[in-house]
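Below is one structure, written out as structure tokens; comments come after it.
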Amino acid sequence: MRAYVPTGKAHSGGPHVVLAELPQPRPRPDEALIKVEAYSVNRGETFKLEEPGASWRPGKDVAGLVVQQAADGSGPEAGRRVVGHPAGGGWAEYAAVPSSALAELPDSVNTVRAAALPLAGLTALRLLRAAGPVGGRRVLLTGASGGVGHYVTELAAAAGAHLTAVSATPERGVRLRELGARDVVADVADAGGDEPYDLVLESTGGGALPVALAKLRRGGTLVWFGQASRTPVTLDFFDFFQGPESATLRHFHYADFPESYADDLAALVRLVADGRLHPELGRVTDWSETAATLVDLRDRRIRGNAVLTVS
């Protein structure tokens, strides 16, 4: 089969992958064999491609057809359309995916939209679950223009949050308002005025995190879930006495939860099928454009999710 593999070399200022011939995956007993029809690429993967491990292959978001059910009888049967979240190896014609990371697709959800769900959708869903009830609360979201940010905005707004989204470009801000953001600002320093936030969801790092922390009310919570700036955070804990006294600062990673991916993927699929969640497809193109798409995604030239279709 054909699959993309990393080279570890730079290409046009970004990570480099090449299409290679590899053996078809041999699934473990708890894995199904999926014929991949579409996959999504994520900005975090572009960073990992700069220094890939010896055996690592990219690809955590796939959608397609089950051609071989898991040998232990778990998960969707052969012939079912599915969305999946493997640990890797999804940028290929075939992928082995654990049953615990698969969800069936109804006829109303195509594989292109489904492929945009796993990593970004799981992160958004679990982030809000970890943050607790947001109905009626003032919420500040940084880095809102990416795939995770769009899902968080729509889910939080539907739950009744008064959400302020930080987006550097006006056109992206328009879409965030359509998804339910009450306010959109170009810089975190411009958020909120004199009224503090109950909850800050921070994904930028660098100098943005201390500024966002200062926007928090006394006893509020800041959840740090990303490092988009790739710049270390310097935090003076005496700053807590300047407003967010007794506040909570916590780190979040979507994989650190006991819930199965299958259950949460199924929940995301239901929301899409019901018209309550809308994958933001910033680019849909043939998988021959994978290398160029990676560069554009890393350099923030794509709004939302980038999906490649396997021809």
* Residue among R80, R57 that is basic (K, R) and free of Cβ contacts under 8 Å to residues at least 40 places away in the same chain -> R80
* Would you say A228 is surrounded by fewer than 22 Cβ atoms within 10 Å (Cβ to Cβ), under 14 Å from the mean Cα position of the chain (by Cα) and of a type outside the set (S, T, Y)? -> yes
* **Subset of region 29-41 (residues that are in contact with a strand residue (DSSP E or B) (Cβ under 7 Å, 6 or more places away or on another chain) and either surrounded by fewer than 24 Cβ atoms within 10 Å (Cβ to Cβ) or over 19 Å from W287 (Cα atoms) (or both))** => D30, E31, A32, L33, K35, E37, A38
* To do: Scan region 259-292 residue by residue and report those that are within 16 Å of the chain's Cα centre (by Cα), of a type outside the set (A, V, I, L, M) and part of a strand (DSSP E or B).
  => G282, R283
* To do: Would you confirm whether any residue within region 84-93 is farther than 19 Å from M1 by Cβ, under 14 Å from the mean Cα position of the chain (by Cα) and not charged (D, E, K, R)?
  => yes
* To do: Identify the single condition in (1) surrounded by 13 or more Cβ atoms within 10 Å (Cβ to Cβ); (2) at pLDDT below 95; (3) assigned by TED's automatic domain parsing to the domain that holds L163 that F257 does not satisfy, given that it satisfies every other one.
  => (3)
* Scan region 14-27 and give yes if some residue there is in contact (Cβ under 8 Å) with a residue 60 or more places away in the chain, more than 22 Å from S288 (Cβ to Cβ) and surrounded by 14 or more Cβ atoms within 10 Å (Cβ to Cβ), otherwise no. => yes
* To do: Would you mention how many residues in region 167-191 are farther than 21 Å from A306 by Cβ and either free of Cβ contacts under 8 Å to residues at least 40 places away in the same chain or touching a helix residue (DSSP H, G or I) at 6+ places or on another chain (Cβ under 6 Å) (or both)?
  => 13
* **Failed item in (1) at pLDDT 90 or above; (2) of a type in the set (F, W, Y); (3) closer than 19 Å to E202 by Cβ, with F237 passing the rest** => (1)
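The values are calculated or read from the model by the stated rules, or taken from the named source; none is laboratory data. The shown structure was predicted, so the numbers you read here are calculated from the model rather than taken from an experiment. Note that we place each Cβ from the backbone using ideal geometry, even for glycine, and neighbour counts take in every protein chain shown.
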